[in-house]
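Undergrad: Have a look at this one before I ask anything.
The values are calculated or read from the model by the stated rules, or taken from the named source; none is laboratory data. Model, not experiment: these values are computed from the prediction. Glycine gets a Cβ as well: all are built from the backbone with ideal geometry, and neighbour counts include every protein chain shown.
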Ligand code: OOG
Ligand code: NI
């Protein structure tokens, strides 16, 4: 008998990401239109701007650009979250970061499941922003008990998915046949359901508490609510959305437009109203809106110092605006952002010299030809053109941006004020493990690139 080798978790993730994208394209036609717009825009940016094309080639990002997607889901219980962590682990995805959205009036806290090593990210950068509903924030004890009882009855994973997760954990992996089956079974958890698990009246009660509560509690599973492609020019896509029948939110979240993009800029279009059958109806006479479209542009990962500067400038602009950005104040918001971010150096050199971003270091042709390191420091090598630095791309999310995306899709009525705050400990208890500190990951990747680069030069 021959033993079948395991399929690498990175390849399982790559296949899963493709399967998810195909499912979403079939379920949400506007997603197909958005993908086309993003592909066209990326192509024209690469044709027009040879510097960007060259930079993406040297970092390898060009190869992952078309695969690049993130999705988002919301779950209701600790068991659901912990089992998701096990499901994602089969695909080489770990929980990274902790995002508390309650200060912005959204009763969830979240993490992002993603690959953590640069080589794995290169095979598939697929990630999932995963939120856990904070039921303890529902004040009415009767409603809370009802929500808990509805959630306790559902199982969001298929029997086969649970069996394959356990098998992967015990055996250390999945062979070809099992990996194929796993992708199909795992996909079921993220599917949209046209029928709810509660009556129309119960849905109304949950929704009146918070639309998000209804979205999590009233359905069979945590439907994927968006799948976001990566664009190289978000302003251009935002501009062209209306002509393609898509209405974007009022402002782009994240930093303003710059020569040297940093962190993450995002925009989205409104959730669709979709027909739903409640348990006391035989047909889809009700409706629910949860699924929306989003695009993003990624830039440099910032060091703690860079991030502190980003947060300070963002807060200053928002404080001066005095209210949440909206249709009416969008122009003023953009002007304030541009004005405050004038303080953030807008060049690779500037960011590197001030220690604001993380970098990947490469030995250049010139350096390889020259050979022999001698006593040269990294700074010497950079100055002499023997080494080149490119910013590391930001692989994570931003809490203020995420809150803006949630809100634009839930409506302004969803801005509740919660007394209780951040509770990373409770989140990690539910998750069944700690979530990884993203800054440590960037520092490690940067360090590995320095070591590889020095090794190449000393050969
Ligand atoms: C997640 C919203 C946040 C992002 O990219 O920051 C988000 C959700 O609506 O479930 O998608
Ligand atoms: Ni998103």
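Undergrad: Given the options 83, 41, name the one that is assigned to a helix (DSSP H, G or I), away from ligand 2 (no atom under 16 Å from the Cβ), farther than 21 Å from residue 248 by Cα and touching a residue at least 40 places away in the same chain (Cβ under 8 Å).
TA: 83
Undergrad: Go through 108, 75, 96 for me and flag whichever is within 16 Å of ligand 1 (Cβ to nearest atom), at pLDDT below 95 and crowded, with 20+ Cβ neighbours inside 10 Å.
TA: Unique residue meeting the criteria: 108.
Undergrad: Filter the range 290-307 down to the residues that are over 18 Å from residue 254 (Cβ atoms) and within 16 Å of ligand 2 (Cβ to nearest atom), then identify the one that is surrounded by the most Cβ atoms within 10 Å (Cβ to Cβ).
TA: Restricting to residues being over 18 Å from residue 254 (Cβ atoms) and within 16 Å of ligand 2 (Cβ to nearest atom), the top hit is 290.
Undergrad: Considering 101, 135, which residue is modelled with pLDDT under 95, at negative phi and surrounded by fewer than 19 Cβ atoms within 10 Å (Cβ to Cβ)?
TA: Step by step, each of 101, 135 is checked, and only 135 is modelled with pLDDT under 95, at negative phi and surrounded by fewer than 19 Cβ atoms within 10 Å (Cβ to Cβ).
Undergrad: Considering only the range 406-428, state which residues are modelled with pLDDT of 70 or more, away from ligand 2 (no atom under 16 Å from the Cβ) and part of a helix (DSSP H, G or I).
TA: Matches in the range 406-428: 424, 425, 426, 427, 428.
Undergrad: Is it the case that residue 206 is within 16 Å of ligand 1 (Cβ to nearest atom) and over 23 Å from residue 6 (Cβ atoms)?
TA: no
Undergrad: Here's another thing I want to ask about it. Just checking: which of the strands (runs of 3 or more DSSP E) contained wholly in the range 240-305 hold 1 or more residues that are closer than 20 Å to residue 317 by Cβ and within 16 Å of ligand 1 (Cβ to nearest atom)?
TA: 264-269, 293-298
Undergrad: If I ask for residues that are assigned to a helix (DSSP H, G or I), in contact with a helix residue (DSSP H, G or I) (Cβ under 8 Å, 6 or more places away or on another chain) and over 26 Å from residue 403 (Cα atoms), which ones from the range 121-164 would you list?
TA: 122, 123, 146, 150, 160, 161, 162, 164
Undergrad: Among the residues of the range 211-234, write down those that are within 13 Å of ligand 1 (Cβ to nearest atom) and assigned to a loop (DSSP other than H, G, I, E, B).
TA: Once the filter is applied, which keeps residues that are within 13 Å of ligand 1 (Cβ to nearest atom) and assigned to a loop (DSSP other than H, G, I, E, B), the range 211-234 yields 222, 223, 224, 225, 226.
Undergrad: Hey, does the range 162-176 have a residue that's closer than 17 Å to residue 88 by Cβ, crowded, with 18+ Cβ neighbours inside 10 Å and within 16 Å of ligand 1 (Cβ to nearest atom)?
TA: No; the residues of the range 162-176 include none that is closer than 17 Å to residue 88 by Cβ, crowded, with 18+ Cβ neighbours inside 10 Å and within 16 Å of ligand 1 (Cβ to nearest atom).
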